Amino acid sequence: MKEPVFSYVPGTSLLHRLDPRTKLAAVMLLGVLTFRAESFTGIGALFVLFFTLALLSGVPLKVFARAVRPMVLFITFIFLAQLFFTEGEALASFGALQPSLEGLENGTRIASRFVLLLLFAAVLTASTNPSAITAGIERMLRPLPLRWLGVTSFELATMMNLSIAFLPLLFERVERTKAAQAARGMDFGKSPFRSIPALAVPLLRGLVRDAGELALAMESRGYQGRARTSMHELSMKGRDWAALLVLLLFSILVLGL
Amino acid sequence: MIRLENVSYSYPGGTPALRNINLEIEEGEFLGIIGRNGSGKSTLALHLNGLLRPEKGKVTVRGLDTRDFARLPEIRKLVGIVFQNPETQFVGRTVEEDLAFGPENLCLSPAEIRVRVDRVLAETGLEKYRHRSPKTLSGGQGQCTALAGVLTMEPECLVFDEVTSMLDPGSGTAVLKRIEGLREKGKTIVYVTHNLEELHAADRVIVMEQGKIVREGQPEKLFSDLPGDPGLALPSLIELAAQLRAHGIHVPWEKTRSPETFAEEICRLFSKT
Ligand SMILES: Nc1ncnc2c1ncn2[C@@H]1O[C@H](COP(=O)(O)OP(=O)(O)O)[C@@H](O)[C@H]1O
Ligand SMILES: [Mg+2]
């Protein structure tokens, strides 16, 4: 089976034991930092930070590589676009295309930023149980006046959990419906305009049924969309504040570089 | 434990699915509900913890009326349901998380939830799948997880709605064993099936037809009445016993439990003559 991107790797490292809110805040801060860091020393420092965190987490590097891989084409495209279409000192000439030094710098900077974003996000997801992430987000959203929007932070958290849980079910249903229609003699190869309605109607019917069954099972287990607790104990400990302090100092350093 | 008084229910725009049901489910009993497709078994099951509420009549769980919205959390804590399709009853992305869903809704403390989840994982032998997605489990393990997700709520009564119908016979038997084990622990069990063979452990069986209870009794008694009832899928051994009975050969109910006991009985009968 294909390994999922951004998967959780159970463990007991310091990173695993940090409160999810610490890690969420850290990723947000690092995201901003990544796009603020202009100098290559700064970007280099961020890569060093990533490798330090990866080592600390004890998660194999291939897990992080998996997070970047699907985006490689996109990142390469952006890099090339920058390389060839930034005005500046020409490095070489391929007819009309002239890669410039500024383009090379810009391209490297932007590509590094995307890679760094993906890597830091992967550090968060690899070292944090998915439901701890949602519990953390829920807890961070709780003080917001969401009631004006007609939802509670608990509902939002459940919605996040469910949509992630429901996606594989959706894909599976698409495959199953396709197979069932093919068995009835539908040809999907020829015209997508003919096959889409033939697929969509039974697909929707099936999904509505799935969703109905799921809702019943949830209600049966006491779900009410009201306040609920979480298995993941959220408590900011000394190490969380220490981690945030270190990160803050690091940020000031990187911005100064 | 649960009492249904003159309960009737129809789905919006449909014909009546339950007609005037009267039923008392005793504390600690193993009740079997059997009937062909569309006879109203699932509709009845959904009434047992207030997922559906009767149009006429009333359902009470330890005296709590299911039409009283304020009591529904208590009722759902007392009565848990395991459904037919393992795929559409998982909420958690990992087995562990799914087991925590019920206790989280009960607003237990994180420490208490951990204790319950760990205990049920150990009891059901799901420890090694703790961090797996429930969707990647086999049918049998999936239903076991679904059962575990209800057990963490520590209900007094468990309702099973055709939980083995999507499993292969081997895992079906394993799930059934587990359910019979729960009964030993004093839980009240309601087991819905269309397969009489699964009800060897039942104290009492009701037969449903077109939304009504048409027969009720010990499985042994129904076993001698049922043959000739079209539409009810009689399992092979029971059907065989029915055919033999038509020829004057009587194989008792206990002996239809397995091919071995059945064969022994046949041999015994023949060696007598
Ligand atoms: N969600 C629904 N909407 C409308 N009618 C339904 C629904 N579920 C079941 N029914 C109808 O109610 C009757 C009883 O169904 P059900 O309780 O599911 O029977 P069983 O579980 O014994 O197969 C059937 O005639 C069925 O078509
Ligand atoms: Mg049913």
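The values are calculated or read from the model by the stated rules, or taken from the named source; none is laboratory data. Since we're looking at a predicted model, the values are computed, not measured. No Cβ is skipped: glycine too gets one built from the backbone with ideal geometry, and neighbour counts run over all protein chains shown. Calculation scope for accessible area: heavy atoms of the full protein, side chains included, ligands and nucleic acids excluded. Shrake-Rupley method; radii C 1.70, N 1.55, O 1.52, S 1.80 Å.
Residues whose amide H falls under 5 Å from that of residue B:209, counting only those 5 or more places apart or on a different chain, are B:214, with hydrogens built in the peptide plane.
For chain B, lysine pairs separated by 8 or more sequence positions, or belonging to different chains, with Cα-Cα distances below 21 Å total 17.
Interface residues of the range A:128-142, defined as a loss of at least 20 Å² in heavy-atom accessible area between the chain alone and the complex of all protein chains with a 1.4 Å probe, are A:129, A:130, A:131.
Over the protein assembly as shown, with every protein chain in place, what whole percent of the accessible area is carbon and sulfur at 1.4 Å, could you tell me? Present the calculation step by step, with values, prior to reporting the outcome.
Numbers: 16080 of 26160 Å².
That share works out to 61 percent.
Around the amide H of residue B:190, modelled in the peptide plane, lie the amide H atoms of B:31, B:158, B:159, B:160, all under 5 Å away and 5 or more residues distant in sequence or on another chain. Taking Cα atoms only, the orientation of helix B:236-246 departs from the longest principal axis of chain B by about 30 degrees.
When only alpha carbons are used to place a centre, the range B:237-261 and the range B:102-176 end up 35 Å from one another. Taken across both chains, chains A and B shield about 3100 Å² of accessible surface from a 1.4 Å probe. A straight line joining the Cα centroids of the range A:199-257 and the range A:1-40 runs 15 Å. Taking all protein chains into account, the per residue accessible area for chain B stands at 42 Å² (1.4 Å probe).
Would you work out the charge dipole size for the protein assembly as shown about its Cα centre, treating the Cβ of every Lys and Arg as +1 and the Cβ of every Asp and Glu as -1, and quote it to the nearest 20 debye?
The dipole magnitude comes to about 660 debye.
Counting only other chains, what is the mean number of Cβ atoms within 10 angstrom of the Cβ of each residue in peptide B:100-111?
For peptide B:100-111, the averaged partner shielding equals 6.
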